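The values are calculated or read from the model by the stated rules, or taken from the named source; none is laboratory data. This one's a predicted model, so the numbers in the text were calculated from it and none came from an experiment. Glycine gets a Cβ as well: all are built from the backbone with ideal geometry, and neighbour counts include every protein chain shown.
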């Protein structure tokens with residue numbers, strides 16, 4: 001019974017110690033331009049990697065690490081974005097005590113950062129010491145929560161949906177025109193409907209119309225065409241395109 005109680009006390013002590021020193025995510029609340037301290041961690045040399053999680057105003061143009069107390073040889077950095085992307089940065093340089101890495105410009109300054117991880121190894125003559133590593137981020141005054149990459153994705157999806165709906169509507173209208181204008185020629189009607197339906201696979205030219213105001217499409221060979229009242233494709237040159245009226 002006594003051994004069980006002692007074991008339980010040891011386990012609880014370890015858990016309390018772990019929770020006490022577990023790293024909490026860094027919270028950034030300002031979008032003011034300039035370098036901002038994001039977070040800090042200690043490289044104990046018992047492990048080969050550390051990471052700093054980031055919350056809040058977490059969009060940065062560039063980052064850098066500052067090392068104090070002991071030198072540290074940093075192999076690489078990994079920037080994990082909330083979009084799911086990861087940027088791999090090959091550093092491979094020894095940072096002396098009270099020194100910092102070069103300024104590292106990020107490829108996606110408009111994306112929220114989830115965390116920054118770095119891999120390191122003990123620098124010469126630093127065994128037994130601990131290095132404090134601070135992460136700094138550079139802001140250029142971008143508005144909070146801009147996330148232009150998300151807006152861009154949403155806009156692309158919306159444009160694709162509108163194009164698909166427009167093509168279907170135009171195909172149905174072309175089929176109706178064919179049926180009304182060629183009731184005595186069943187074969188022509190069928191052919192026209194098939195041609196109109198095939199246009200759904202091609203991209204609609206949004207800002208241009210045909211010589212008579214027709215909806216214009218472009219196929220895989222970069223050829224422009226529109227569908228006439230018989231459901232046939234009428235190919236035209238780029239010079240025959242007209243600007244689409246604003247009220248359409």
Taking the condition of being assigned to a helix (DSSP H, G or I) and either surrounded by 15 or more Cβ atoms within 10 Å (Cβ to Cβ) or modelled with pLDDT of 55 or more (or both), how many residues in segment 179-189 meet it? 6
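Wholly within segment 203-248, which strands (runs of 3 or more DSSP E) include no fewer than the required count, namely at least 1 residues that are surrounded by 15 or more Cβ atoms within 10 Å (Cβ to Cβ) and within 37 Å of the chain's Cα centre (by Cα)? Steps first, please.
On the way: elements: 203-209, 215-218, 224-227, 233-236.
Those strands (runs of 3 or more DSSP E) span 203-209, 215-218, 224-227.
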Output for segment 89-113, where each listed residue is under 15 Å from the mean Cα position of the chain (by Cα) and either not assigned by TED's automatic domain parsing to the domain that holds residue 38 or not in a loop (DSSP other than H, G, I, E, B) (or both): 113
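Residues in segment 54-61: is at least one under 25 Å from residue 121 (Cβ atoms) and either at pLDDT 85 or above or part of a strand (DSSP E or B) (or both)?
Here is the first cut: in segment 54-61, the ones under 25 Å from residue 121 (Cβ atoms) are 54.
Pick out the ones that are also either at pLDDT 85 or above or part of a strand (DSSP E or B) (or both) and you get 54.
Yes, there is a match, as at least one residue in segment 54-61 is under 25 Å from residue 121 (Cβ atoms) and either at pLDDT 85 or above or part of a strand (DSSP E or B) (or both).
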Residue 48 being in contact with a strand residue (DSSP E or B) (Cβ under 8 Å, 6 or more places away or on another chain) and either farther than 20 Å from residue 121 by Cβ or modelled with pLDDT of 90 or more (or both): no
Given (1) more than 18 Å from residue 129 (Cβ to Cβ); (2) buried (at least 18 other Cβ atoms within 10 Å of the Cβ), identify the lone condition not met by residue 78. (2)
